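The values are calculated or read from the model by the stated rules, or taken from the named source; none is laboratory data. On a predicted model such as this, the values are computed, not experimentally measured, just so you know. All Cβ positions, glycine included, derive from the backbone under ideal geometry; neighbour counts span all protein chains shown. Accessible surface is based on the protein model in full, side chains and every heavy atom, while ligands, DNA and RNA are left aside. Shrake-Rupley method; radii C 1.70, N 1.55, O 1.52, S 1.80 Å.
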Amino acid sequence: MTEHIYAHEHPESDRTRGGGFTLWFTGLSGSGKTTIAHLVGPALDDRGCIVEYLDGDTVRTHLSKGLGFSKEDRDTNIERIGWVASRLTRQGGAVICAAISPYEETRRKARELVEQYGQFVEVFVKASVNECARRDVKGLYEKAFAGEITGFTGVDDPYEEPAAPEIVVDTEQHDPEESAQLVLAKLEQLGLIPAAVKA
Ligand SMILES: Nc1ncnc2c1ncn2[C@@H]1O[C@H](COP(=O)(O)OP(=O)(O)OP(=O)(O)O)[C@@H](O)[C@H]1O
Ligand SMILES: [Mg+2]
């Protein structure tokens, strides 16, 4: 019935506040996206940013409730996150997205939406499948390897590594705090946040 929907853009909705950006964490389940995102977020708060989180697990209980893990549903989930991130970026937000987002093409679409209004900073949170399976925070790798879950990213579903992310954090080399500092340093370097005030 989409032919009966008229998506009007009202003039006032063109307003953009500037200064917004989206920090997009991508990586395997258990690579550390949520962990690092929640260290970076408060640091951005401290520097005066208006922070909002769009975490895959949370989004799937609200905005994307009911979606599964087929390629189509994964893409729909990421496109929704990208769209909301773009709207918040337009209003000057520091948007922190943390979803596996396994497909390069879909991440590119999210980037295009966001870049209409602010910078898109892709953070590849890198850890091998073996390491993520060793951590197995949610017990899902064990189930995937046992065949109790199918279509699990990195086991029997693809993960396309970003070709040109703004930053790579290797969580087999850096602990979460170090990774968060690397991300903050990159944001400073890009001129998106002021340098931390030294105590
Ligand atoms: N160096 C590290 N960096 C980040 N996390 C680490 C590191 N070493 C161990 N961990 C642990 O790995 C786990 C990473 O889980 P986290 O929920 O952040 O992953 P995720 O990428 O958000 O996964 P999902 O896609 O399933 O949400 C945490 O329990 C964290 O404590
Ligand atoms: Mg997570």
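For the stretch 95-199, run through the GluC sites (Glu not before Pro) and keep only the ones in DSSP coil with at most 11 other Cβ atoms within 10 Å of their Cβ. Answer by residue number: 148.
About the centre of its Cα atoms, the chain shows a dipole size close to 420 debye [charges on the beta carbon of Lys, Arg (+1) and Asp, Glu (-1) only; nearest 20 debye].
What percentage of the solvent-accessible surface of the stretch 1-149, computed with a 1.4 Å probe over protein heavy atoms, is contributed by carbon and sulfur atoms?
Numbers: 4200 of 7820 Å².
In the stretch 1-149, the share of accessible area belonging to carbon and sulfur is 54 percent.
Relative contact order (percent) for the chain, with alpha-carbon contacts under 8 angstrom and 6 or more residues of separation?
Numbers: 319 pairs, mean separation 60.8, N = 199.
It comes to 31 percent, rounded to a whole number.
Stokes-Einstein diffusion of the stretch 94-156 at 10 °C, 1.306 mPa s viscosity, Kirkwood radius from Cα pairs, rounded to a whole number: 115 µm²/s. Charge dipole (Cα centre; +1 on Lys/Arg Cβ, -1 on Asp/Glu Cβ; no other charges) of the stretch 1-87 amounts to roughly 220 debye. Entry for the stretch 117-199 at q = 0.17, 0.18 Å⁻¹: log10 I(q)/I(0) = -0.82, -0.87, Debye formula applied to identical alpha-carbon scatterers, no solvent contribution.
Equivalent ellipsoid of the stretch 61-199: semi-axes from √(5λ) of the C-alpha gyration tensor, largest first, are 28, 21, 12 Å.
Annotation for residue 115 and residue 128: the two label points, set 7 Å from Cα along the Cα-Cβ direction, are 3.3 nm apart. With the simple spin-label model, which puts each label point 7 Å out from Cα in the Cβ direction, the residue 137 to residue 170 separation comes to 2.1 nm. By the equivalent-ellipsoid construction on the alpha carbon gyration tensor, the stretch 17-143 comes out with semi-axes of 24, 17, 12 Å, ordered largest to smallest.
When exposed loop sites are taken as trypsin sites (Lys or Arg not before Pro) in a DSSP loop with at most 13 other Cβ atoms within 10 Å, the longest stretch of the chain clear of them is 66-137.
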